[in-house]
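A short worksheet on the structure shown next.
The values are calculated or read from the model by the stated rules, or taken from the named source; none is laboratory data. All values reported here derive from a predicted model rather than from experimental measurement. Reconstructed Cβ throughout: ideal geometry from the backbone, glycine too, with neighbour counts over all protein chains shown.
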């Protein structure tokens, strides 16, 4: 299977973000886990339905679409921070 066929975007699934085909694991998830120090082998160990080829395809996709994926990661972080702020304001 070509690496491009291992990655799919489906409206309504994980916000249409690029993800490993047949999985709900997004390319950005793989990127974040590797940035946290997890190796591809560790990711496959944690998610046995994935293969090493899936993880490497996600990383290859990331390097081909780095600006897009980095933007998605930043937007998700900003949204999470806004929700934390909103929740803490409601509690206070």
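Quick notes
- Condition check for residue 38: surrounded by 13 or more Cβ atoms within 10 Å (Cβ to Cβ) and either modelled with pLDDT under 95 or not in a helix (DSSP H, G or I) (or both): yes
- Breaking point among (1) modelled with pLDDT of 95 or more; (2) crowded, with 17+ Cβ neighbours inside 10 Å; (3) not in a loop (DSSP other than H, G, I, E, B), for residue 72: (1)
- So residue 57, is it within 18 Å of residue 16 (Cα to Cα), at pLDDT 95 or above, touching a helix residue (DSSP H, G or I) at 6+ places or on another chain (Cβ under 8 Å) and in a helix (DSSP H, G or I): yes
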